[in-house]
Amino acid sequence: MSDPRHLQIAILTGMLGYGLGWRDFPGPGWIYLLYPLAALGFQWGFCRIFRVGFDGRSPLISSLSLGLLLHTASAFWAVTAAFVAVASKFLLRIDGRHVFNPTNLAIAVTTLATEQVWVSPGQWGLGAFLAVAALLGGMMVLRLTRRGEVTWTFLAAWGALVFGRALWLGDPPAIPWLQLQNVALLIFACFMISDPMTVPDHRAARVGFAVLVAVVGYVLQYHFYIDEGLFYALALCAPLVPWLNRRLPGTRYRWPGTVPSRR
Amino acid sequence: MRVWLVILSFLPLAAQAFCGFYVARADTGLYNRSSRVVLVRDGERTVLTMANDFQGDVKDFAIVIPVPTFIEREQIHVASTAVLDHLDAYTAPRLVEYFDPNPCRRLYRMEMKAMNAAAPGEGAAARAKALGVTVEARYTVGEYDILILSAAESAGLVTWLKENGYRLPAGAEAVVGSYLKQGMRFFVARVNLDEFAKTGFNYLRPLQVAYETPKFILPIRLGTLNAQGRQELFLWTLTRTGRVETANYPTVRIPSGQEIPLYVKDRFADFYRDLFARQVEEHGGRAVFIEYAWNMAWCDPCAAQPLSRSELRELGVMWLTEAPPVRPLPKPRIAPPRPVDVFVTRLHLRYDARTFPDDLRLHQTGDKSNFQVRYVLRHPWDGSDDCPEAKRYRSELLPQRLRRQAENLHRLTGWPLAEIHRAIGLGEPPAPEPWWKRLWP
């Protein structure tokens, strides 16, 4: 388990299995198989074109996250989402690394492009939320992921905004607490915004970045009533990262045991 | 004066089709203290229709609803109760029946195998001003007197409402304040007795409001303050894109498709009420249930005919007016006719302030797959043929099936298994084996 991606794959697979078996996930079951197949296929194709070694872990993580978050009944849009995720890693690069978290970009692009895909933020319920929160919290505390301060900063900023809003409105705490019981939010915080390949290299820049995404996401969700606001916020802020890296250089993250190369 | 805040409710129907013969439905009339709401939504265009089962003296009726924008006279309409009843019937949970064919006939033998494999004023104005309340508009629509209110702060508005005869529940001020800060106005309606007498009805008709807003929500918080226990809400959405779910609460499909004992036919209302209560319990009271999701063009089996184009327009389906007129509605049939551009979702929830602290935030999905709540009665074949298949049918298949149906009924409703066994003449159910008997076989 030296590579954090293995644990990520295990957790995401478990969550997807639970979602499909017990949480009444919508749409045909084969979609959830189509995501990984398509993502692995595109990864393989791009690796051939760019003449780099094939590694299935990253596309697997992207597709499991897609399965958890992005629902559709359309094979075309499932494949398109997988394509956007994988292609973005190879094609949208600045300073030798990709700009967008693949899953996040795929969600942002497809939800904007069609009404045939959607995100179901309320689907999990309180019990599942607590279980997932405990699991991911444990993972963070044990430092099984890298660059965890992005996750903590983001969650703190988001929590402060949501509770601050309730305080201003005079709402009981049950309301912001309900708003935070969101498994999609946890997946976003633990696997997406904290993707070590797409966060700023410098620690201070990472903290600032996490706060910025939380603020933009909050504005989109609570002032413009866009349910997918967080995903759009990260996609909007991601292009700032290369600029931040030039202004505030830091140590670039590499997956354990890898040489710098295209993934 | 009692203040009724946006809430909802309904009951079941029958027709012949591939998915069984329709025999009964469970519509909203099953429930006390229920509200029925229809939300039609296309982009930001929204039409809200509200009805509730208000039983008291109409002069005591009032409704206070937060609305996201200023509302002009033309944006308000009174609908007929019949359209809502029709929508209710069309989408209600349903009971269907099948009749077993003669097991001695070959075609049926094959079917049996498959079955075995898978079971299925001036002064007043000055006072308002002093309180920071602005009466933005005053309309009489149908039997209702309507005010559109905005306010600088909640205490002023609550005082104004109380002074004007509206009895607000305790805790209303905080909720009103929250809505005001979110830029909402208040739509306040009470009954104009002269106009009501003119209508000739002895009940209040549903109120409709059309507006444009990015907020796809149904405000239920004021309703929870009445503190009269849990309330029943039925929410229908009519959209172009597909099923609607709640973004801040889990949306769960009611278990459907099970075979249940024949005697439930006469007790279908009890059956469905108990089943729903059990579902609510199982989900800790915190889920919104889907009872129907279907393209408005057809149904199978039909608990009622699909709504006509004019009925859909009355409910506010604005996009249909832009299309050319179409042929009369097709009768329900096995294959779906050309779909119309309207997808209906029926949501049902039982809520109070503890389990549903926040308004319902709704979310359109692209899911156009059909779902209905449907239970199956299967009449046994009662012929006298004596082929080997018929013997096996009587001695093995039927008792097996009865036990399975009893088990389904027990699991769905929580009715005692022994009682069910007695009702269907099965004898006492086997006592559960002590766990240790299976420990060391």
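The values are calculated or read from the model by the stated rules, or taken from the named source; none is laboratory data. Quantities reported herein were computed from a predicted structural model and do not represent experimental measurements. FYI the Cβ positions are ideal-geometry reconstructions off the backbone, even for glycines, and counts take in every protein chain you see.
Structural remarks
- Some residue of segment A:180-196 being part of a helix (DSSP H, G or I), among the small types (Gly, Ala, Ser), within 19 Å of B:Glu245 (Cα to Cα) and within 14 Å of another protein chain (Cβ to nearest Cβ): yes
- Of the helices (runs of 4 or more DSSP H) entirely within segment A:1-76, those holding at least 1 residues that are within 14 Å of chain B (Cβ to nearest Cβ), under 15 Å from the mean Cα position of the chain (by Cα) and hydrophobic (A, V, I, L, M, F, W, C) occupy A:57-69.
- Cross-chain or 6+ apart pairs with Cβ under 8 Å, segment B:252-275 first and over 19 Å from B:Glu232 (Cα atoms), then surrounded by fewer than 18 Cβ atoms within 10 Å (Cβ to Cβ) and of a type in the set (D, E, K, R): B:Glu259/B:Arg404
- Answer from B:Ala82, B:Ala114 - the residue that is at pLDDT 90 or above, small (Gly, Ala, Ser), closer than 27 Å to B:Asn370 by Cβ and surrounded by fewer than 21 Cβ atoms within 10 Å (Cβ to Cβ): B:Ala82
- In segment B:408-423, the residues that are closer than 17 Å to B:Val376 by Cβ and either in contact with a Lys or Arg (Cβ under 6 Å, 6 or more places away or on another chain) or buried (at least 16 other Cβ atoms within 10 Å of the Cβ) (or both): B:Asn408, B:Leu409, B:His410, B:Leu412, B:Thr413, B:Ile420
- When we screen A:Val79, A:Val109 for residues that are of a type in the set (Val, Ile, Thr), out of contact with any Pro (no Cβ under 6 Å at 6 or more places or on another chain), more than 14 Å from chain B (Cβ to nearest Cβ) and farther than 17 Å from A:Ile193 by Cα, the only hit is A:Val79.
- Filter pass, A:Ala157 being under 19 Å from the mean Cα position of the chain (by Cα), within 26 Å of A:Arg97 (Cβ to Cβ), crowded, with 20+ Cβ neighbours inside 10 Å and not assigned by TED's automatic domain parsing to the domain that holds A:Ala85: no
- Options A:Leu126, A:Leu135; residue that is within 14 Å of another protein chain (Cβ to nearest Cβ), in a helix (DSSP H, G or I) and either under 23 Å from A:Val183 (Cβ atoms) or aromatic (Phe, Trp, Tyr) (or both): A:Leu126
- Number of the condition not met by A:Ser194 [criteria: (1) surrounded by fewer than 20 Cβ atoms within 10 Å (Cβ to Cβ); (2) more than 21 Å from A:Tyr18 (Cβ to Cβ)]: (1)
- Residues located in segment A:72-85, provided they are surrounded by 24 or more Cβ atoms within 10 Å (Cβ to Cβ) and not hydrophobic (A, V, I, L, M, F, W, C): A:Thr72
- Residue pairs meeting the criteria (Cβ under 6 Å; at least 6 apart or on separate chains; first surrounded by 14 or more Cβ atoms within 10 Å (Cβ to Cβ), in segment A:22-36; second hydroxyl-bearing (Ser, Thr, Tyr) and assigned to a helix (DSSP H, G or I)): A:Tyr35/A:Ser63; A:Pro36/A:Ser63
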